[in-house]
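Notes follow once the structure below has been shown.
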Amino acid sequence: MTTDQILATLQTQKPLVHCITNYVAMNIAANVVLAAGASPAMVHAEDEVADFVPIAGALTINIGTLSPAWVSAMQKAADAARAAGKPWVLDPVAHFATPYRGEVVQDLIGRGPAIIRGNASEIMALRGAATAGKGVDSGDSVADAEAAAIALAKAQGCVVAVTGEVDFVTDGTRSARISGGTEIMPMITAMGCSLTALMGGLAAVAPAFEAAVAALALFAEAGNRAARTAGGPGSFQVAFLDALSQIKPEDLADDAGVQWL
Amino acid sequence: MTTDQILATLQTQKPLVHCITNYVAMNIAANVVLAAGASPAMVHAEDEVADFVPIAGALTINIGTLSPAWVSAMQKAADAARAAGKPWVLDPVAHFATPYRGEVVQDLIGRGPAIIRGNASEIMALRGAATAGKGVDSGDSVADAEAAAIALAKAQGCVVAVTGEVDFVTDGTRSARISGGTEIMPMITAMGCSLTALMGGLAAVAPAFEAAVAALALFAEAGNRAARTAGGPGSFQVAFLDALSQIKPEDLADDAGVQWL
Amino acid sequence: MTTDQILATLQTQKPLVHCITNYVAMNIAANVVLAAGASPAMVHAEDEVADFVPIAGALTINIGTLSPAWVSAMQKAADAARAAGKPWVLDPVAHFATPYRGEVVQDLIGRGPAIIRGNASEIMALRGAATAGKGVDSGDSVADAEAAAIALAKAQGCVVAVTGEVDFVTDGTRSARISGGTEIMPMITAMGCSLTALMGGLAAVAPAFEAAVAALALFAEAGNRAARTAGGPGSFQVAFLDALSQIKPEDLADDAGVQWL
């Protein structure tokens, strides 16, 4: 499926996207998923995640603000997704920052995500590489993480998406780079987390590799449009949601920012 | 009390509204309550809810993002509200989506809410009707839910507000429809949750039926104003908060969008 | 260090700020810290706070939405900050509203914050004074709280910042008043919480007293700029983040709004 076909399918099917994400991201991630045309649901109670996953089209798990009850829910949700044949996306926020995060992420990776999305430092650290990451920010370039991404994709049998100035997506065999977006994005919290949620929505209607590329192309296009009018991170957020709601499938038909490798 | 009198009273008394709401809605719900002229407080610890309810003018409980500790706090808060003679508003978000949600909502309804506010699918499902609801979205029309709303209001001795394109409010005997608002609202997360919080603020200063109608009339007016300038869900949220802060009681004096049945 | 030097240092060093704050504030507080040029991280799990504090430049603790697990994490984080020699900022939101809050705040104060930031009612109540505070809102003027602030600073050996129409900062010996900002700020939720997070960022690169004054001067300047174009609380938030990202150190060089006492 091409990016425009994937967006058209999303907007027709309006899949329910089960998101377990951090407190910082919940509102903007839900608004991003809604603006693109899908239906987000933030559900994290251990008592209900396994009942919710099967009615959703996809699951996304972001470890930004962890606590033990949430970790249990993430595990149950991931297992339920595998059992129900639903794709799920892992966002290993700052997993290298503390031993607790590191253990949680290793456990979750073992539960079979369809896509892992992170910044360069996060992806490199998943392969055991030394990184210059600081807190939630990457200190490495996407180019430096490409080899780690390919190795990780092969080892886990999943798609890996590395985001930064130019994004990189690979399933271990096929790869793509996606350019676009704007330098203001890192100045706004939870943009990456919102992208993960959106990627889940697209993975509900398309194969994981194509869905990851489509999410990045859509995000870049919305970012480009928003940057034209934004005067800072406040107005950028507003313009970004507006742009996302206005992009039509045909606007992505030429895959302008995508370089298939 | 008429809608303009209720808004004037809210803006004079600035009641404290105790909100137990979901993580997605907390920020925007607080900002909506503030913009209308009341004072929100988000308090959910089991150790303090019973101490906080008596100093507030009203309580609102929204089950959007549940977990066991929060459920206990909701129960204690609801009981404290009844004991203190404070009205409380229940928002049964997607209660039909999982057994856990369903049990929590049935328990809470037994604790005597003054108002239940939900979308059509949520209200119909509270009467045991089959619904087309999907996740947090309604799949049914408000018109289809009117009979269920009246039956629910009679059975529980409370006010029921069903929101959608045209809202419906009933206390089992008297009813009203409120039109206005805009089709962009469902594209923004937590607007319904914010409305519930605002309804709590108005219920602190007016009888439940009139408060529910006033909240819907105020929301519709703010939505109409915001829609005039908004280019998408991002700018709509901004314009909506601005509009809410600018509406004066006299702007609602003619109850333009309200049809008393 | 002068205010312009402090901001320049923040923007060069981009310190990591470990924030334990409430659910309402998390997103806007992170965006405020980012807009000013630092790097926020919202981390609250008991299992990881002690590992995270040492890699951060400063810690901030806001008790807005408490629960027992969070209180334990706050205690561990505060202790870790002291052990690592990192400054930490306490925001005792509405601590007088319930016994639970009061006990938590007294415990945390004993763990040695470098700065306590609150509204007038909060600071007065920390000295045992009667207040007119209601929920999260102050019912007292900053002027009425100056004596309590000085006494609290002396007793605890820390800096105390009282915020309101004209802010007051003291270390018990030196004091300053900071004017500016706008009357619309109290109509937006979590502005004070965001200020606390920003103060933590500045305290990572400057002595506590100067950092507190600088944070207030920066906030006031951004508020003044935002008020020029804002039409209400929605557009104010947007303009405030934009303004914060645009302010350069030299814009604060004359310390226009600061009165050193």
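Brief remarks on what is shown
- Dipole magnitude for segment C:1-110: computed about the Cα centre from +1 point charges on Lys and Arg Cβ and -1 point charges on Asp and Glu Cβ, it is near 200 debye.
- Distance between the C-alpha centres of segment A:125-193 and segment C:3-63: 24 Å, rounded to the whole angstrom.
- Scanning residues 5 or more positions from A:ASN119 or on other chains, those with amide H under 5 Å from its amide H are A:THR163, with H placed 1.01 Å from N in the peptide plane.
- Take the Cβ atoms of B:GLN246 and C:ALA83, set R0 to 60 Å, and the FRET efficiency comes out at 0.75.
- DSSP loop GluC sites (Glu not before Pro) with at most 16 other Cβ within 10 Å: longest gap in chain A: A:1-164
- For chain A, the mean residue ellipticity at 222 nm estimated from helices alone is -15000 deg cm²/dmol, where every DSSP H run of n ≥ 4 contributes -39500 (n - 2.57) and the total is divided by all residues, rounded to the nearest 500.
- Here the simple spin-label model places points 7 Å from the Cα toward Cβ, and for C:ALA143 and B:ALA155 these points are separated by 6.0 nm.
- Compactness of segment A:3-260, expressed as Rg and Dmax over alpha-carbon positions, Å: 16.4, 46
- Averaged over peptide A:64-74, the number of partner chain Cβ atoms lying within 10 Å of each residue's Cβ comes to 4.
- For the protein assembly as shown, a simple Cβ point-charge model (Lys and Arg +1, Asp and Glu -1, everything else neutral) yields a dipole of about 560 debye relative to the Cα centre.
- Put simply, the amide H of A:SER175, placed in the peptide plane, has neighbours under 5 Å in A:LEU261, leaving out anything fewer than 5 places away on its chain.
- In a reduced charge model with +1 at each Lys and Arg Cβ and -1 at each Asp and Glu Cβ, segment A:3-260 shows a dipole moment near 200 debye about its Cα centre.
- Leading residue at positive end of dipole, segment A:3-260 (Cβ point charges), from A:LEU218, A:PRO87, A:GLN11: A:PRO87
- Shielding value for C:31-38 is 3, the average number of Cβ atoms from other chains within 10 Å of each residue's Cβ.
- Inter-copy label distances for B:ALA256: 4.0, 4.0 nm (label point placed 7 Å from Cα along Cα→Cβ; shortest first).
- Element breakdown for segment A:141-216 at a 1.4 angstrom probe: carbon and sulfur atoms account for 51% of the accessible area.
- Built amide H within the under 5 Å cut-off of C:LYS134, gap 5+: C:GLY139
- Placing a label point 7 Å from the Cα of A:GLU103 along the Cα-to-Cβ direction, the residues of segment C:40-61 whose backbone N falls under 19 Å of that point are C:43-54.
- Length-normalised contact order for chain B - Cα pairs under 8 Å, 6+ apart - percent: 23 percent
- Solvent exposure of segment B:3-260 as accessible area per residue, Å², 1.4 Å probe: 31 Å²
- Estimated inter-spin distance, C:ARG127 and A:ALA69, nm [label 7 Å along Cα→Cβ]: 3.9 nm
The values are calculated or read from the model by the stated rules, or taken from the named source; none is laboratory data. Because the structure is a prediction, the values reported are computed rather than measured. Neighbour counts are summed over all protein chains in view; Cβ atoms, including those assigned to glycine, are modelled from backbone coordinates with ideal geometry. Accessible surface areas use protein heavy atoms only, side chains included; no ligands, DNA or RNA. Shrake-Rupley method; radii C 1.70, N 1.55, O 1.52, S 1.80 Å.
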